[in-house]
Every structure is written in C-alpha cells, then in structure tokens.
Amino acid sequence: MDRQRWINLFAAISAVTVFGFALGLIFPLLSLVMEKHGVPPHVIGLNTAMQPLGILVSGFLVPHLTSRLGTRPVAIIAAFLTATIIVAYPFTPIYWAWFVLRFLHGLAVGALFTVSEAWVVEAAFGPARSRIMALYASILSVSFGLGSALISFTGIETILPFFIGAGFLAASTIPMFYYRPTGTFMPETGERQLSILGFARLAPILISAVTLFAVIDAAYLGLMPVYGVKKGFDQETAALMLTAFIVGNAGLQFPIGWIADHWSKRGMMVVCAFTTVIGSALIPSAFGTWLLWPVLVVTGATSAGIYTMALAELGERFSGNELVAGTAAFSTTWGAGALVGALIGGWAMDRFGPDGLPYATAMVFAAFVVAIAARTASAGRAARRA
C-alpha cells in the first residue's frame, strides 16, 4: 500500500471505532435501563429495532449524500450527530422519545457504517484481502466490546456512560480529517449507476450472509444483557456476557481470515455459519457453568466471521459503482436483518422465556445455512452442466 492508502485505512478504522463503540454502548445500556424500569422484553425489542430501522433507511440515503458532499464530510457530520443523540438520551422520556432518538441514531451510525466500509474495501487489495478485512472486523468488535464493557465500570444509575460515549465519539473523528480519496472505488465517468436491489441480484449469497450476521448481532446486542439478568446474573455480569461474545469477534477474526486466504472464503463462510448454530443452541445448557464463556467467545467469533468473509468476497469481486452499491447494500441489509433479529429476540423471550433468545437465533441461522447450502449446490450443478 502507498502512504495515502495507509492513512485512509487508519481513518476508516477510526470511523469503524466510532460506529462500533456507539452501538456497543447504547444497545445494552438502553436495554438495561428499560429493564430496570419494568419495560417488558417485547417492548425493549421494538425499541431496539428502531436503530437498525434507521440503519436500513440510511443505506438508501447515504449514496446520494456522499455524491453531493463527499464521504469525509458525511462521516464527520454523522459522528458528531451520534454524539449529540447519545447525550440526549438521559434527558428525554424513556418511551416514545427513545423510539425517535434511536431511529435518528440508526441513521447517523448507518452513514458511518457505509462510509467506513467503503474506505476499508478501497484500501484492501491483493492476496491479504481477507486478513485486512479480518483486522477491520476485529477492530469493529473491540469497539463494540469497549462500549459494553464500559457499563461494567460506570453502571447504569448515572449519566456518566452517556457522556463518556459522546466524548469518545467526538475525539475519534480527528483522523477522519486526513482521509483523501484515491479514486479506487469512485465511480468512473459514464459508468452505469447500480442500485442496491441491482447489487442484491448480483450477489444474493453475500446479502444473505450479511442478513445472517445482522440477525444475531442485533438480537444479542440488544437483549443478551436482559437475558443474563433474567437468568440470575447481576447487571454488571450480564453486560460481561455481551463482552465475551464480542471478544471472540475481535480475537479470532485474523485466524479465520488467514484460513480463508489459504483455503476458501465461501467454504469458511459456511463453516462459520454452522458453528454459530451449534454455539447459540448450547448457551442455555452452558449458563451458570464456566463453559458459558468459551461458548459465547466461539459463537461471537464465528458469527462475525460470516461477515468478514462477505466483505472479503465483496472487495474481490466488485469495483467502481458496483463496490459503492455493495457497501450501501451491506448497510441496508444489516439494518433489515438487525430489525428482524431485535423483533424475533424480544418476541421469543416473551413467548418462551429467556432461553427463547438463543434458541430462536439458532433456528434462524439454521434456516439460512440450509438456504445458502442449497443455492451453492445448485450453482455447482449448473457449472458442471456448462
């Protein structure tokens, strides 16, 4: 990489850190506050769903905003807007005001999500692409983990975690000012504009993989601490369950990327998905034993590995307008999948008790694994006939 590519990658990592920390802090923090105030799980799930709904909508808006303003201004404005919204939470009513704030929060972090991924994919190329994507996913996971771990130190009784989160977000924008576009992923003159739906038709398995990851990501980010409390943990230990889930994301992405670079990205994606099904299904029986923590770590690692493989394949297969459309499609798809995950998680806990959360996510994952395997097999048969 040349010097500017490294600078751009560092700026992208800064944007990723902002995105991850904002979601990693707010998802469990708001859920725990609502649980303390007696809000039922299905309402917490509905409130949690507002954030991915905002991310979904942002996927349609961000390409137009970046074409008019550029990616750097959009990322910086979105980061400061996110910080402002975080400060507003403790000063507004928990119920309807938080529904509105979380939707706006999703719009802002969705813009960061789309822009940071475009920057990372732009800077990543060559035979180490999966490992660079793994580094990206690891840092994203660490920032998620820092957000949730902060609650263990500050608690939820004061406004301190909100102000720490907002200050961190504002400071993390500084490297973004040094980003300069290299032209790698910028649209070529006269190049056909590809829509998000058009990209989905080109890469249905990648879109399915992102949806798969988003379902478990939102369900566990929003409801894992509530699950832990309802199963008997105190609030701090329940928040650490989410941290353990995220630690696996951070610590094991590079080995997953290394294997994929030397074996198969698509094959590694399927292995990760299958392992996540097993891990989610084991959480209830492991609860209350030391096995819970390694199960959470492995499940977190393999669920994030699916997304890492999707990103690596995106950068390998697409460029120009197709790459821009791909990063926007990933953001929108993540929002849609996270919306489903939050709603299913809240409903399952209300309907079947706390263990409904991991069992429901395991079933959704299993359905997607079957669908992806069937499509891969069908494509293989078509290729052999040709």
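The values are calculated or read from the model by the stated rules, or taken from the named source; none is laboratory data. This is a predicted model, so every value here is computed, not measured. Cβ: placed from backbone, ideal geometry, glycine included. Neighbour counts: every protein chain shown.
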Review point. Which one of the conditions (1) touching a Phe, Trp or Tyr at 6+ places or on another chain (Cβ under 9 Å); (2) in contact (Cβ under 8 Å) with a residue 60 or more places away in the chain does Met50 fail to meet, given that it meets all the rest?
Key: (2)
Check your understanding: For segment 149-183, which residues satisfy the criterion of being part of a helix (DSSP H, G or I) and either closer than 17 Å to Leu9 by Cα or touching a Phe, Trp or Tyr at 6+ places or on another chain (Cβ under 8 Å) (or both)?
Key -> Phe162, Gly165, Phe168, Leu169, Ala170, Ile174, Pro175, Met176, Phe177, Tyr178
Review point. Condition test on Val87, is it out of contact with any strand residue (DSSP E or B) (no Cβ under 6 Å at 6 or more places or on another chain), part of a loop (DSSP other than H, G, I, E, B), of a type in the set (Val, Ile, Thr) and farther than 24 Å from Thr211 by Cβ?
Key: no
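Out of all the residues in segment 248-270, which are of a type in the set (A, V, I, L, M, F, W, C) and either touching a residue at least 12 places away in the same chain (Cβ under 8 Å) or crowded, with 24+ Cβ neighbours inside 10 Å (or both)? Before you say what the answer is, go through the steps one by one.
Keep residues of segment 248-270 that are of a type in the set (A, V, I, L, M, F, W, C), which gives 250, 252, 254, 256, 258-260, 263, 268-270.
Answer for segment 248-270, where residues must be of a type in the set (A, V, I, L, M, F, W, C) and either touching a residue at least 12 places away in the same chain (Cβ under 8 Å) or crowded, with 24+ Cβ neighbours inside 10 Å (or both): Ala250, Leu252, Phe254, Ile256, Trp258, Ala260, Met268, Met269, Val270.
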Review point. Is it true that Val33 is surrounded by fewer than 23 Cβ atoms within 10 Å (Cβ to Cβ), outside any helix (DSSP H, G or I), over 18 Å from the mean Cα position of the chain (by Cα) and at pLDDT 80 or above?
Key: no
Point to revise | Any pair with Cβ under 7 angstrom, 6 or more apart, that starts in segment 221-247 at a residue that is at negative phi and ends at one that is in a loop (DSSP other than H, G, I, E, B) | key: Tyr227/Pro354; Lys230/Pro354; Lys231/Phe287; Lys231/Pro354; Gln235/Ile156
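Go through Glu117, Glu122 for me and flag whichever is among the acidic types (Asp, Glu) and more than 24 Å from Phe168 (Cα to Cα). So that I can check it myself, show each step before the final result.
Numbers: Glu117 fails: more than 24 Å from Phe168 (Cα to Cα).
Matching residue, one of Glu117, Glu122: Glu122.
Mind checking which residues of segment 318-366 are assigned to a helix (DSSP H, G or I) and either of a type in the set (Phe, Trp, Tyr) or in contact with a strand residue (DSSP E or B) (Cβ under 6 Å, 6 or more places away or on another chain) (or both)? Show your work before the answer.
First, the residues of segment 318-366 that are assigned to a helix (DSSP H, G or I): 320-352, 356-366.
If the condition is that a residue be assigned to a helix (DSSP H, G or I) and either of a type in the set (Phe, Trp, Tyr) or in contact with a strand residue (DSSP E or B) (Cβ under 6 Å, 6 or more places away or on another chain) (or both), then Phe330, Trp334, Trp347, Phe352, Tyr359, Phe365 are the ones that fit.
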Exercise for review: Kindly indicate whether any position in segment 262-270 is part of a helix (DSSP H, G or I) and under 20 Å from Ala218 (Cβ atoms).
Suggested key: yes
Point to revise | Hits in segment 104-146 - residues which are under 16 Å from Phe27 (Cα atoms), modelled with pLDDT of 80 or more and surrounded by 20 or more Cβ atoms within 10 Å (Cβ to Cβ) | key: His105, Gly106, Leu107, Ala108, Val109, Gly110
Point to revise | Candidate set from segment 150-160 (those that are more than 21 Å from the chain's Cα centre (by Cα) and under 18 Å from Thr243 (Cα atoms)); member that is surrounded by the fewest Cβ atoms within 10 Å (Cβ to Cβ) | key: Phe153
Exercise for review: Specify the residue that is nearest to Val229 (Cα to Cα); the eligible residues are those in segment 240-289 that are out of contact with any helix residue (DSSP H, G or I) (no Cβ under 6 Å at 6 or more places or on another chain) and among the small types (Gly, Ala, Ser).
Suggested key: Gly288
Point to revise | Of all residues making up segment 271-294, the number that are surrounded by fewer than 18 Cβ atoms within 10 Å (Cβ to Cβ) and either in contact with a Phe, Trp or Tyr (Cβ under 6 Å, 6 or more places away or on another chain) or among the aliphatic types (A, V, I, L, M) (or both) | key: 3
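What tally of residues in segment 274-304 results from selecting those that are of a type in the set (A, V, I, L, M, F, W, C), outside any helix (DSSP H, G or I) and touching a residue at least 40 places away in the same chain (Cβ under 8 Å)? So that I can check it myself, show each step before the final result.
Step one: list which residues in segment 274-304 are of a type in the set (A, V, I, L, M, F, W, C), which gives 274, 277-278, 281-283, 286-287, 290-293, 295-298, 301, 304.
Of the ones still in play, those that are also outside any helix (DSSP H, G or I) are 287, 290-291.
Now restrict to residues that are touching a residue at least 40 places away in the same chain (Cβ under 8 Å): 287.
The total comes to 1.
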Review point. Quick one: what pairs do we get from segment 305-318, first residue closer than 12 Å to Phe330 by Cα, second part of a loop (DSSP other than H, G, I, E, B), C-beta under 8 Å, 6+ apart or different chains?
Key: Leu314/Ala203
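When you check Val100 against the structure, is it part of a helix (DSSP H, G or I), over 19 Å from the mean Cα position of the chain (by Cα) and of a type in the set (A, V, I, L, M), yes or no?
Details: part of a helix (DSSP H, G or I): yes; over 19 Å from the mean Cα position of the chain (by Cα): yes; of a type in the set (A, V, I, L, M): yes.
Taking the combined requirement at face value, the residue satisfies it.
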